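One structure is given below, encoded as structure tokens.
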């Protein structure tokens, strides 16, 4: 703790006592700390918030609720489908956070009581909080795909949109597929997690096919009117690197699936595939809905972008993909990491009775592999617009790679190592 | 408004003999805002640096081909960012990022990263 900070905390403690009589609101220390923060979800958003709360304010007690014992990165996981990487290359434990004093609880949060400020876990534990951070990622929504409502159907038609066993399953299906087969990928309407992800996935599968099953095809069935991110760069990559392998069909919304025949029923026709990868529509993770945090389109959580506090539930902050995004703010791991840091800084100020940062600065950097080595990026810088009260892209900043290149392949790998460390280290 | 009696009580109180602490108290009582502007200012460079550390590593300590910026000399940081911004220094994407930062932000980021321990040293 620096000198100013120490002085300030001491001054504030004295203030708390003296102002109580004068009827002023003061910070409320609890259990000998500046406050208790519970974080639900140990992905890019939640783990970053937990880590930075402890790094920047060791007087805050932080508990992270995450059912999985290990973190598996979605970013870069399409490389597993090409066989370039293994899931182990994307997997880390949470011990770095524990070393920083974050208390890890490997349970599922099943209820939030916003009045008593208590989170209930599936083992019955109840955790009180002064501030709650909800970073649940996305829930995959099968309501409008009747054939896939039964979860066991997704062992045949994987989504592979949450890295882990589903990624391994899709890889196995690609390996088992005979040469000359068709792998179809369906893309939901935007917004969904990782806008360039489906198109990178097409590249990764096509790369594998070109080298191992050259008569096979990748069919991208997109519910949108065009590629949703890095459009020209993906079109170029497909034309130059995978002619005759990748076929792209815009405006092909998925209506249903026949699981037995791996047939995608689309708005206008049916497509039978040998491997069918349905990326379903998405909304904020379930606990966000149960906690009353979803306020936009029945799908996403609106927040104050200075603090990431919910507009609906006081003292509850929402991060990452679950947030109703600001203009041109993608649902990406990188962006969730940015949310986590801004939110941690804001919570620290709030718990100490200070005003949060009024001019947050965030960036997004997103790398897509178009082969085993060559990469394209999109980058942006975002600042806070006081009139619009939202984050906006800074004019003149940001942009794309000029062309796919190997230099950025190495940079993308370094990005992975660095951001995982920034989230978990 | 506060009653004069309360102000006198505060001035006489042993916990507020230091003028800085008194200012802090008055600011909290009158505005309900941060009594320690300096703390918020210090935190700003740290907060903004969060925009850099996703790629350059926590506190600017990087692994792999992305350069570490922890412990970078302030003048060098400012010079490099200016060069990225005006295009005299080319990069894969730093030109695009640097064009989103103003001089005040670059100055604070430079101070923050200059104060960080370099790669290989114990984190502060």
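Can you tell me which residues in the stretch B:72-100 are in contact with a helix residue (DSSP H, G or I) (Cβ under 7 Å, 6 or more places away or on another chain) and closer than 23 Å to residue B:42 by Cα? Across the stretch B:72-100, the qualifying residues are B:72, B:73, B:74, B:77, B:78, B:81, B:98.
When A:283, A:289 are screened for being surrounded by fewer than 19 Cβ atoms within 10 Å (Cβ to Cβ) and not in a loop (DSSP other than H, G, I, E, B), only A:289 passes.
Per this entry, residue A:46 is not counted among residues that are modelled with pLDDT of 95 or more, touching a helix residue (DSSP H, G or I) at 6+ places or on another chain (Cβ under 8 Å), in a loop (DSSP other than H, G, I, E, B) and buried (at least 16 other Cβ atoms within 10 Å of the Cβ). Being out of contact with any strand residue (DSSP E or B) (no Cβ under 8 Å at 6 or more places or on another chain), at the interface with chain B (Cβ under 9 Å from one of its Cβ atoms) and at pLDDT 95 or above is a property that holds for residue A:349.
Within the stretch A:105-128, the set of residues being in contact with a helix residue (DSSP H, G or I) (Cβ under 6 Å, 6 or more places away or on another chain) and surrounded by fewer than 18 Cβ atoms within 10 Å (Cβ to Cβ) is empty.
Residue A:323 meets the conditions (1) closer than 30 Å to residue A:113 by Cα; (2) within 21 Å of the chain's Cα centre (by Cα); (3) touching a residue at least 40 places away in the same chain (Cβ under 8 Å) in every case but one. The failed one is (3).
Only a single criterion out of (1) away from chain B (no Cβ under 12 Å); (2) surrounded by fewer than 21 Cβ atoms within 10 Å (Cβ to Cβ) is not satisfied by residue A:359, namely (1). Total residues in the stretch A:76-107 satisfying the condition of being assigned to a helix (DSSP H, G or I) and closer than 14 Å to residue A:171 by Cβ: the figure is 9.
Taking the criterion of being in contact with a strand residue (DSSP E or B) (Cβ under 8 Å, 6 or more places away or on another chain) and facing chain B (nearest Cβ under 8 Å), the residues of the stretch A:406-425 that qualify are A:408, A:411, A:415. Just to be sure before I move on: is residue A:415 closer than 21 Å to residue A:343 by Cα, modelled with pLDDT of 95 or more and within 20 Å of the chain's Cα centre (by Cα) in the structure I sent? No. Looking at residue A:330 and the list (1) surrounded by 20 or more Cβ atoms within 10 Å (Cβ to Cβ); (2) under 22 Å from residue A:102 (Cα atoms), which single condition is not satisfied? Among (1) surrounded by 20 or more Cβ atoms within 10 Å (Cβ to Cβ); (2) under 22 Å from residue A:102 (Cα atoms), residue A:330 violates only (2). Among the numbered conditions (1) part of a helix (DSSP H, G or I); (2) more than 8 Å from every other protein chain (Cβ to nearest Cβ); (3) surrounded by 16 or more Cβ atoms within 10 Å (Cβ to Cβ), the only one that residue B:69 does not meet is (1).
For the stretch B:83-124, a residue qualifies if it is over 28 Å from residue A:409 (Cα atoms), modelled with pLDDT of 95 or more and within 11 Å of chain A (Cβ to nearest Cβ), and the qualifying residues are B:102, B:104, B:105, B:108, B:115.
The values are calculated or read from the model by the stated rules, or taken from the named source; none is laboratory data. Quick caveat: nothing in here was measured; it's all calculated off a predicted structure. Because the Cβ atoms are built from the backbone with ideal geometry, glycine has one as well, and the counts that use them run over all protein chains shown.
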